[in-house]
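The values are calculated or read from the model by the stated rules, or taken from the named source; none is laboratory data. Everything numeric here is computed off the predicted structure, so don't read it as measured data. Here the Cβ positions follow ideal geometry from the backbone for every residue, glycine too, while neighbour counts run over all protein chains shown.
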Amino acid sequence: MKYSLKYTCLLLISLMLMNYAYSQKSQVVEFIYDDSGNRIMRQIIELKDRDNIPEDSAKMANNWDLTDTTALKYTEMINNISITIYPNPNGGMFKVVLGNTEINTEASLYLHSLSGSLVFQKEPIKQVTDVDIRNHENGTYILTIIVNHKQKTWKVIKQ
């Protein structure tokens with residue numbers, strides 16, 4: 001009886017921890033920093049369950065026909081130019097879209113592995129740039145975009 005109670009408690013605690021760990025997979029925490037490197041904002045992004053996306057709209061890798069990309073898309077601004085990255089996480093292909101660009105806008109894109117090696121580079125980038133890293137390992141990559149000498153960095157996940 002004494003052991004049975006111990007094992008029951010241990011099982012309940014394990015189930016609670018697994019439930020907590022599973023629920024954490026559906027969130028991404030993003031930190032925003034000012035030019036001096038001080039953290040000015042912490043943002044929690046709720047990700048939708050990717051398993052429940054309808055099959056006809058989950059053709060991201062082939063034709064980018066994803067009807068609801070709100071949970072997979074990130075948009076930020078650099079010098080009044082919107083930069084949208086989607087889908088993220090991805091299967092090895094993603095798009096970078098520059099909005100509000102002028103003719104003389106200088107923009108370049110660099111993708112590095114966490115070890116620091118350059119995986120992909122595009123100079124100059126167009127208004128819509130396709131990035132293909134399907135021949136690289138799954139994992140986390142660092143995407144750096146420079147627009148008119150201002151740079152911003154994102155974490156891109158290949159699954």
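Taking the numbered list (1) at pLDDT below 90; (2) of a type in the set (D, E); (3) part of a loop (DSSP other than H, G, I, E, B) in turn, E76 passes all entries but (3).
For the stretch 102-136, name all the residues that are part of a loop (DSSP other than H, G, I, E, B) and buried (at least 17 other Cβ atoms within 10 Å of the Cβ). Scanning the stretch 102-136 gives I125, I133. Return yes or no: is T140 loosely packed, with under 12 Cβ neighbours inside 10 Å and either closer than 18 Å to Y74 by Cα or outside the structural domain of T75 (by TED's automatic domain parsing) (or both)? When the stated conditions are applied, T140 passes them.
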